[in-house]
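The values are calculated or read from the model by the stated rules, or taken from the named source; none is laboratory data. Just so it is clear, the model here is predicted, and its values are computed rather than measured. Positions of Cβ are backbone-derived with ideal geometry, glycine not excepted, and every protein chain shown enters the neighbour counts. Protein only, heavy atoms only, side chains kept; ligands, DNA and RNA dropped before computing areas. Shrake-Rupley method; radii C 1.70, N 1.55, O 1.52, S 1.80 Å.
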Amino acid sequence: MIQKTRAELKTEIKQLFKGRWKDAILLCIIISLLTIFGVMANYSDRVSSGSSTTDDTTFKQLGTLTGSDISLILAVIAGFLLVQVGVWLVVQIFRIGTSYAMLDWVRQPERQIHPVSDSTVGFTKRYGWALVGLIIYKTVLIFLWSLLLVVPGIIKAYAYSQTFYAYKDLLATTPAGQTRPRYRDAVTRSRQLMHGHKWQLFVLHLSFLGWELLSILTAGIGQLWLVPYIYGVLANYYDNLQAIN
């Protein structure tokens with residue numbers, strides 16, 4: 001099988017969504033709304049930072065804190081960080097579940113879309129905690145590579161970019177009652193698939209930049225259409241990559 005061009009991958013998704021854009025938007029609505037919220041939050045932060053001033057009294061007050069005060073502050077900070085990590089994991093699972101549903105749609109064009117159950121498939125017993133572990137495993141690997149230099153970290157991020165898709169397929173081919181695929185099996189499979197294709201995926205990501213900028217000009221509303229389009233193209237890219245390998 002011949003590898004498809006960027007134009008072919010995008011055209012196929014436009015055809016897939018033709019007459020079914022409502023399904024595509026609803027399937028990705030949670031991720032789209034989170035993206036819109038992020039765009040608006042960043043804009044708000046920039047506006048507020050431009051008018052913020054440093055209060056010298058704040059630094060003076062820090063010097064009067066007791067040991068118990070500092071312990072309380074540290075406990076609050078630790079709790080806040082734990083909440084942040086929890087929210088981040090939930091968002092990642094939503095993203096993965098949505099990408100899984102999109103991949104199934106790419107493979108079965110006539111498939112009926114059920115926005116709620118499809119986008120939350122990552123929280124089911126089949127995936128659930130396994131995805132939490134895989135997310136952490138992949139993140140740690142990329143972080144460790146990034147400690148060397150930024151470039152190795154970016155290269156490995158692209159090498160491991162198909163990890164979650166690979167895990168889905170590896171799990172699907174595992175006989176009932178057999179041990180689940182190991183995390184490193186999914187990472188290894190992703191690395192094999194991306195051998196010689198990292199630059200190609202990088203360029204594919206860049207090809208959405210113009211649409212991203214246009215979406216920002218619409219206060220993020222354009223993400224309602226852009227997010228499902230990107231998810232569809234990336235799922236199609238993986239499916240084609242898997243087919244030629």
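Could you count how many residues in the stretch 96-126 are in contact (Cβ under 8 Å) with a residue 40 or more places away in the chain and in a loop (DSSP other than H, G, I, E, B)?
3
For the stretch 155-230, please list each of the helices (runs of 4 or more DSSP H) lying entirely inside it that holds at least 2 residues being at negative phi and aromatic (F, W, Y).
Fully inside the stretch 155-230 and qualifying: 163-172, 198-206.
Tally the residues that are in contact with a helix residue (DSSP H, G or I) (Cβ under 9 Å, 6 or more places away or on another chain), surrounded by fewer than 21 Cβ atoms within 10 Å (Cβ to Cβ) and not aromatic (F, W, Y), restricting the search to the stretch 206-219.
The first filter runs over the stretch 206-219 and keeps only residues in contact with a helix residue (DSSP H, G or I) (Cβ under 9 Å, 6 or more places away or on another chain), leaving 207-208, 211-212, 214-216, 219.
Still in the running and surrounded by fewer than 21 Cβ atoms within 10 Å (Cβ to Cβ): 207-208, 211-212, 214, 216, 219.
From the residues that got through so far, the ones that are not aromatic (F, W, Y) too are 207, 212, 214, 216, 219.
The number of residues fulfilling the criteria is 5.
Among the numbered conditions (1) within 30 Å of W21 (Cβ to Cβ); (2) open to solvent by less than 40 Å² (accessible area, probe 1.4 Å); (3) not acidic (D, E), tell me where V90 comes up short.
(2)
Out of curiosity, is V132 among the β-branched types (V, I, T), assigned to a helix (DSSP H, G or I), modelled with pLDDT of 95 or more and surrounded by 11 or more Cβ atoms within 10 Å (Cβ to Cβ)? Step through it out loud before you land on a result.
Numbers: among the β-branched types (V, I, T): yes; assigned to a helix (DSSP H, G or I): yes; modelled with pLDDT of 95 or more: yes; surrounded by 11 or more Cβ atoms within 10 Å (Cβ to Cβ): yes.
For V132, the condition - among the β-branched types (V, I, T), assigned to a helix (DSSP H, G or I), modelled with pLDDT of 95 or more and surrounded by 11 or more Cβ atoms within 10 Å (Cβ to Cβ) - is met.
Would you check if L26 is touching a Pro at 6+ places or on another chain (Cβ under 6 Å), modelled with pLDDT of 90 or more, within 30 Å of S119 (Cα to Cα) and in a helix (DSSP H, G or I)?
yes
Just to be sure, is Q162 touching a Leu at 6+ places or on another chain (Cβ under 6 Å), in contact (Cβ under 8 Å) with a residue 40 or more places away in the chain and of a type in the set (S, T, N, Q)?
yes
Which residues, counting only those in the stretch 125-157, are within 13 Å of the chain's Cα centre (by Cα) and of a type in the set (S, T, Y)?
Listed by number, the list holds a single entry, T139.
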